[in-house]
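Read-outs throughout are calculated quantities, based only on the coordinates presented, and are distinct from any laboratory measurement. Because the structure is a prediction, the values reported are computed rather than measured. Heads up, the Cβs are rebuilt from the backbone with ideal geometry, glycines too, and the neighbour counts pull from every protein chain shown.
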Amino acid sequence: MRSFAVIGLSSFGYHLCKNLSELGAPVMAIDVDAEKIDDIKPFVQKAVVADAKDKDTLKSLGMEDIDVVVVTVGEPIEVSILITLYLREIGVKEIIAKVITEDHAKILDKLGVSSVVFPERDMAKRIAYTLRRSILLDYVSLGEGYSIVEMGAPSDWLGKPLAALDVRRQYNIQIIVIKDVLSDKVVIIPGGDYVLKDSDILVMVGRDEDLEQVEKL
């Protein structure tokens with residue numbers, strides 16, 4: 001399993017460390033705040049009080065041997081940029097960075113980060129999307145106009161087998177998971193003989209405009 005280092009224990013960084021550890025990944029947490037390090041210490045393999053703005057400190061922590069380093073320091077932006085620059089110079093294989101603005105993202109992209117994340121922006125978009133379209137239970141944007149949505153089965157589909165509905169051809173979408181909320185049964189890539197019930201939750205993938213048509217049924 002790949003190893004991870006998380007620099008900066010904001011709320012995002014803290015929960016990222018904890019979730020990665022719960023998935024069994026080895027995680028090193030780094031922050032200048034000793035209290036934050038004490039809070040995360042029970043959940044990670046290693047927790048270090050250190051100033052990541054110092055290049056020699058990053059070297060001493062063996063950053064070049066970590067598979068993925070996540071920089072969750074968003075502000076001040078210049079600190080995020082400096083840490084990212086040092087990680088690149090040290091030779092870290094993969095760097096993921098939290099960003100605050102589009103310009104921040106552009107600068108880090110120029111520095112060669114593997115990817116950037118906008119936690120606040122992306123969560124706001126996700127919540128706004130589900131609030132605007134109240135039938136949705138969950139929504140994940142895949143980019144390029146594609147999304148994954150979770151919603152109850154449209155009433156017109158109930159009692160019908162998937163083969164008869166032929167949603168791939170009729171609506172240009174794919175049902176990838178069906179969850180029965182009563183039995184907790186989960187069916188991955190359901191077959192054409194599956195008959196939809198009112199207790200079924202559908203997880204579907206497709207173009208945004210096609211998914212919107214299904215939501216209107």
Report summary line: Taking max minus min of the Cα coordinates of the stretch 75-125 on each principal axis, largest first, gives extents in Å of 35, 20, 14
**Report entry** Isotropically averaged projected area of the stretch 1-80, using the convex hull of Cα atoms (one quarter of hull area), nm²
**Finding:** 4.8
Query - Protection-proxy order for peptides 190-198, 7-15, 145-153, each taking the mean of Cβ atoms within 10 Å per residue, highest first - result: 7-15, 145-153, 190-198
Report task. Sort out for me the Cα centre separation of the stretch 82-109 from the stretch 24-72, rounded to whole Å. Result -> 16
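So if I take the alpha carbon set of the chain, get Rg, then get Rh from the Kirkwood formula, what is the Rg over Rh ratio?
For the chain, the value is 1.10.
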Query - For the stretch 127-215, the fraction of alpha-carbon pairs in successive 10 Å shells from zero, as % - result: 17, 55, 26, 2
Query raised in the report: Given the stretch 1-156, what percent of its DSSP beta bridges are antiparallel, to the nearest 5?
Result: 25
**Report entry** Percent RCO, i.e. relative contact order, over the chain, from Cα pairs under 8 Å lying at least 6 residues apart
**Finding:** 13
Query - Neighbour-count ranking [beta-carbon atoms within 10 angstrom, fewest first] of 117, 187 - result: 187, 117
Query raised in the report: Which whole-number percent of Cα pairs in the stretch 7-132 have a distance greater than 21 Å?
Result: 39
Query - Relative contact order %, the stretch 1-70, counting alpha carbon pairs below 8 Å whose residues are six or more apart - result: 37
Requested in this report: Under a cut-off of 24 Å between alpha-carbon atoms, report the lysines in cross-link reach of residue 106, not counting same-chain residues fewer than 8 places apart.
Outcome: 53, 55, 93, 98, 125
Query - Subset of 18/185; 41/179; 179/216; 18/179 violating a 25 Å alpha-carbon distance limit - result: 18/185; 41/179; 18/179
Report task. Would you work out the relative contact order for the stretch 127-215, in percent, from Cα pairs under 8 angstrom that are 6 or more residues apart? Result -> 34
